[in-house]
Amino acid sequence: MTVVLGLQWGDEGKGKILDVMAGEADWVFRAQGGNNAGHTVEIGGEKYVLHLVPSGILRSGVSCLIAGGAVVDPVSLVSEIQGLHDRGVRTRGRLHLAAQAHLVLPQHRAVDRGSEKKRGRGKIGTTGRGIGPAYADKAARVGLRAGELALPWPELSRRILERIRIHNHAARHLGWESIAPSADLREIQTASRFLRPYLCDGVALAHQAVHTGKNILIEGAQGTFLDIDHGTYPYVTSSHCTAGGACTGTGVPPTAIRRVVGVLKAYTTRVGSGPFVTEDGTLGHLLHGMGREFGSTTGRARRCGWFDAVLVRRAVRLNGVTELAMTNLDGLDGLEKIPVCVGYRWRGKILREPPVEASEWDWCRPVYRIFPGWCEPTTEARRWRDLPAKARAYLSALSRLVDAPLGILSVGAGREQTFRHG
Ligand code: IMP
Ligand code: MG
């Protein structure tokens, strides 16, 4: 079993790496997160953006599970599935939804928007999909789970209405939008009918796949520094994006995991607020000018910066990464000099580990080592030795700095632009 996850702040190119790896897989499990994610996959010039459905769905021989650690907005999931059907991708009998997954309901989106507004300048910059409030209800033990979509409608609607009433009561005092239940309920009723045939016991299904020796990929969403425990708290998402989350989210034990592929960009990006030591406006300007680095879920321009080896080394250790999948190398093709952050200068000291408090990050300045750029396109490379010598030297140095071997390289969005190291 292989876990594929992000080593930075998300958008590392996991969708593309997973799509290539899924060519040899039987199953792809999505362990955590919700439709805050946006995984972009390009096949033969056709672009697919997946939010909750695992990328494996684009390979006809692969089955997919949205596991219990994920949160599911039923209405949005249905429209995602219908979008796939419209493009000829079959999902019935191939896509499974764990009854254990928690539901994202309209009030969660209202709370997400309301609390962001209240935070003002200190806002997290969430995707507004209601993810945090849905996980908050889960932790508070008042959430509804996907399995409840199979209840007779009078009972399911009673449970939803009860929560909407509580929400509307609080909303009056807290200045959140209240929910007018009727329209939302109709949509949820339709979605619940549509999703019923997809429901399953996610843990039993995962165990069966493990015990029959299936080739399984666990797909991480977001990235290590958006993890609720290990990220740049509070500027994080509300799930566990690290390797531990792959286990709790699916019910697969840690001993079943043989391989952990850490996906990362040859530079760094982040969407939303929060610390970013190597952020660099000039690099952002350059990448945006190339039409790169716009969010696939919200369309926001991503913040951009240099590769941060302090962060990635932490991520390698947190996740037990066995190999790196380095993407977006081609974004650096035009540069003469490429800085890489090897330490943080902080209150007169040099840090090799990131600080704990988000506020302390403001005092960190990057210590850069400068690498020579290769100044030629890498997008045509199909093997490691096709890459310019300076690009190979850059990648090998990053691998040494973060203490993990290179496994996969990617120089563009197409399937054929991803190849193995060596
Ligand atoms: P939330 O997950 O919508 O609550 O957003 C919390 C933070 O995580 C914000 O900074 C978002 O921009 C970020 N985030 C959530 N999902 C993704 C993703 O798939 N890629 C990149 N950033 C994400
Ligand atoms: Mg993304």
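The values are calculated or read from the model by the stated rules, or taken from the named source; none is laboratory data. Since the structure is predicted, the reported quantities are computational estimates derived from the model, not experimental observations. Every residue, glycine as well, gets a Cβ built from its backbone with ideal geometry; the counts of neighbours run over all protein chains shown. Heads up: the accessible areas ignore ligands, DNA and RNA and are worked out on the full protein's heavy atoms, side chains in. Shrake-Rupley method; radii C 1.70, N 1.55, O 1.52, S 1.80 Å.
Output the peptides 84-96, 118-130 sorted from most to least packed, where packing is the average of other Cβ atoms within 10 Å over each peptide's residues.
118-130, 84-96
Evaluate the relative contact order of the stretch 264-422 (contact order divided by residue number), counting alpha-carbon pairs under 8 angstrom at least 6 apart; express in whole percent.
About 25 percent, as a whole number.
Using only Cα positions of the stretch 248-323, each an equal point scatterer, no hydration layer, compute I(q)/I(0) via Debye at q = 0.16 Å⁻¹ and quote the log10 values to two decimals.
-0.73
Largest first and in whole Å, what are the equivalent-ellipsoid semi-axes of the stretch 71-148 based on the Cα gyration tensor, each being the root of 5 times an eigenvalue?
28, 17, 8
On full extension of the chain, what length is gained from Leu174 through Asn215, given 0.36 nm per residue of separation minus the C-alpha to C-alpha distance?
Gain on stretching Leu174 to Asn215: 9.9 nm.
Normalised radius of gyration for the stretch 214-273, please: alpha carbon Rg relative to 2.2 N^0.38 Å, two decimal places.
1.21
I'd like the distance between the alpha-carbon centres of the stretch 50-64 and the stretch 214-258, rounded to an integer number of Å.
Going from one Cα centre to the other spans 18 Å.
Ignoring ligands and nucleic acids, what accessible area does Ser359 show with a 1.4 Å probe (Å², nearest 10)?
70 Å²
Cβ neighbours within 10 Å, averaged per peptide: list 214-220, 327-333 in order, most packed at the top.
Peptide ranking by packing, descending: 214-220, 327-333.
Counting DSSP beta bridges in the stretch 264-422, what percent are antiparallel, to the nearest 5?
Antiparallel bridges make up about 75 percent of those DSSP assigns within the stretch 264-422.
To the nearest Å, what is the center-to-center distance of the stretch 374-422 and the stretch 348-363, using C-alpha atoms only?
The stretch 374-422 and the stretch 348-363 have Cα centres spaced 31 Å from each other.
How large is the Kirkwood hydrodynamic radius of the chain, counting all unique pairs of alpha carbons, in Å?
22.0 Å
Could you sort Phe225, Phe194 by their accessible area in this structure, using a 1.4 Å probe and putting the largest first?
Ranked from most to least accessible, the order is Phe194, Phe225.
At a Förster radius of 41 Å, what calculated FRET efficiency corresponds to the Cβ-Cβ distance of Ile350 and Lys390, to the nearest 0.05?
Working from the Cβ atoms, E equals 0.95.
Length gain on complete extension for the stretch Arg92 to Lys117, per 0.36 nm per residue less the alpha carbon to alpha carbon distance?
5.0 nm
Please say if the stretch 109-227 is rounded, prolate or oblate, where rounded means a/c under 1.5 for a ≥ b ≥ c the square roots of the C-alpha gyration tensor eigenvalues, and otherwise the choice is prolate for a/b larger than b/c and oblate otherwise?
Taking the square roots of the gyration eigenvalues as a ≥ b ≥ c, the stretch 109-227 is oblate.
Of Tyr48, Tyr394, which has the most accessible area with a 1.4 Å probe, and how do the rest follow in descending order?
Result of the area sort, largest leading: Tyr48, Tyr394.
If packing is taken as the mean number of other Cβ atoms within 10 Å per residue, what is the order of 299-310, 68-79, highest first?
68-79, 299-310
At 4 °C and 1.567 mPa s, grab the translational diffusion coefficient of the stretch 264-422 from Stokes-Einstein with a Kirkwood Rh over Cα pairs, rounded to a whole number in µm² per second.
Translational diffusion coefficient: 80 µm²/s.
Can you give me the angle between helix 309-319 and the longest principal axis of the chain, using Cα atoms only, in degrees from 0 to 90, rounded to the nearest 10?
Taking the Cα atoms of the chain, the angle to 309-319 is about 50 degrees.
In nm, give the distance between the simple-model label positions of Glu187 and Lys47, each being 7 Å from the Cα along the Cα-to-Cβ direction.
Each label point is offset 7 Å from its Cα along the Cβ direction, giving 2.5 nm.
Working from Cα positions, state the angle (0 to 90°, nearest 10) between the long axis of helix 181-195 and the longest principal axis of the chain.
The two axes meet at around 70 degrees.
Would the stretch 8-123 count as rounded, prolate or oblate if I go by the C-alpha gyration tensor, calling it rounded below 1.5 in a/c and otherwise prolate when a/b exceeds b/c, oblate otherwise?
It is prolate, given that a/c is not under 1.5 and a/b is the larger ratio.
What do you get for the angle between helix 106-119 and the principal long axis of the chain? Use alpha-carbon atoms, 0 to 90 degrees, nearest ten.
50 degrees
Please compute the modelled spin-label separation between Ile166 and Glu336, points set 7 Å along Cα→Cβ, answer in nm with one decimal.
Going by the 7 Å Cα→Cβ label model, 6.2 nm.
Calculate, in nm to one decimal, what Arg196 and Arg382 gain on full extension: separation in residues at 0.36 nm each, minus their alpha carbon distance.
62.6 nm
Among all lysine pairs in the chain that are eight or more places apart or on different chains, how many have alpha carbons less than 24 angstrom apart?
13
For the chain, with all protein chains present and a 1.4 Å probe, just round the carbon and sulfur fraction of the accessible area to a whole percent.
51 percent
Tally the DSSP beta bridges in the chain and give the antiparallel ones as a percent, rounded to 5.
Antiparallel: roughly 45 percent of the beta bridges in the chain.
How far apart, in nm, are two points set 7 Å out from the Cα along the Cα-to-Cβ line at Cys375 and at Glu357?
That separation, rounded to one decimal, is 4.6 nm.
Go through the stretch 202-212 residue by residue and turn each phi into a ³J(HN,Hα) via Karplus (6.51, -1.76, 1.60, θ = phi - 60°); whole Hz please, and just put x for glycine and proline.
After applying 6.51 cos²θ - 1.76 cosθ + 1.60, I find x, 6, 4, 5, 4, 5, 5, 4, 5, 6, 9 Hz.
I need the calculated FRET efficiency for the pair Asp403 and Glu155, taking r as the beta carbon distance and R₀ as 41 Å, to the nearest 0.05.
0.15
When all C-alpha to C-alpha distances in the stretch 54-102 are sorted into bins of 10 Å, what percent of pairs does each bin hold, rounded to whole numbers?
Taking every Cα pair in the stretch 54-102, the percentages come to 25, 58, 16.
May I ask what percent, to the nearest 5, of DSSP beta bridges between residues of the stretch 1-132 are antiparallel?
Percent antiparallel among DSSP bridges in the stretch 1-132 is about 35.
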